[in-house]
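Report on one structure; see the data block that follows.
The values are calculated or read from the model by the stated rules, or taken from the named source; none is laboratory data. Nothing here was measured: the structure is a model prediction, and the numbers come from that model. With ideal geometry, Cβ positions are generated from the backbone for all residues, glycine too; neighbour counts draw on all protein chains shown. Remember, those area values only see protein heavy atoms, side chains included, never the ligands or the DNA or RNA. Shrake-Rupley method; radii C 1.70, N 1.55, O 1.52, S 1.80 Å.
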Amino acid sequence: MEFVWIFLTLAFTGMFAASAFSTGKVFAAKSRLDLVFGGLDAVVVLAVAREVAPWGTVSPLLWLLPVAIVAVGTAGSVFAWPMLAALREDRPGWRTLVFGAVHLAVLVTITVVVYAL
């Protein structure tokens with residue numbers, strides 16, 4: 001059951017990197033805020049997985065793989081940043097900002113709960 005965290009880490013980091021580099025409609029980030037929250041999701045899952053996953057029973061390269069994927073996704077985000085709008089154009093601004101505040105609160109709560117226990 002602990003190995004689920006390794007797969008979740010690879011999935012979240014892979015989705016972040018895909019959103020930074022993709023130009024299609026499925027994986028591409030719709031705005032800068034989406035790209036930032038994708039990166040934050042990947043980093044929080046990476047940090048939580050570092051605490052709860054059984055990294056001692058697998059190769060250290062398996063830990064370096066999601067870290068490298070986040071680094072590549074961050075580099076892709078730098079290149080994609082100028083081409084993206086600040087907020088999603090298909091949603092009202094207030095809705096996007098409320099969603100962003102709730103999303104950030106959830107990420108902070110997860111991080112505090114994992115590192116406080």
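Placing unit charges on the Cβ atoms of the charged side chains and taking the dipole of the chain about its Cα centre, the candidate lying farthest along the positive direction among Leu64, Leu46, Thr23 is Thr23.
Estimated at the nearest 10 Å², the accessible area of Val70 is 20 Å² with a 1.4 Å probe. For the pair Ala71 and Leu8, the difference between a 0.36 nm per residue extended length and the Cα-Cα distance amounts to 21.0 nm.
Sorting Leu61, Leu40, Leu33 by accessible area puts them as Leu61, Leu40, Leu33; the probe is 1.4 Å, largest comes first, and only protein heavy atoms count.
Accessible-area rank, largest first, for Ile6, Ile69, Ile110: Ile110, Ile69, Ile6, with all protein chains present and a 1.4 angstrom probe. Cα centroids of segment 72-117 and segment 5-48: how far apart, whole angstrom? For segment 72-117 versus segment 5-48, the Cα centre distance is 10 Å.
Express the carbon and sulfur contribution to the solvent-accessible surface of segment 1-116 as a percent, rounded to the nearest whole number, probe 1.4 angstrom. Intermediate values should be presented prior to the final figure.
Numbers: 5370 of 7120 Å².
Answer for segment 1-116 is 75 percent, counting heavy atoms of protein chains only.
Want the number for Leu104 to Lys25: 0.36 nm per residue separation, take away the alpha-carbon distance, what's left? Between Leu104 and Lys25, full extension yields an extra 26.0 nm. Given a 1.4 Å probe and the protein chains as shown, Phe12 ends up with an accessible area of around 80 Å².
Which of rounded, prolate, oblate describes the chain, given a ≥ b ≥ c as roots of the alpha-carbon gyration tensor eigenvalues and a/c under 1.5 marking rounded, otherwise prolate only if a/b is larger than b/c? Taking the square roots of the gyration eigenvalues as a ≥ b ≥ c, the chain is oblate. Taken per residue, the accessible surface of segment 1-116 reaches 61 Å², heavy atoms only and a 1.4 Å probe.
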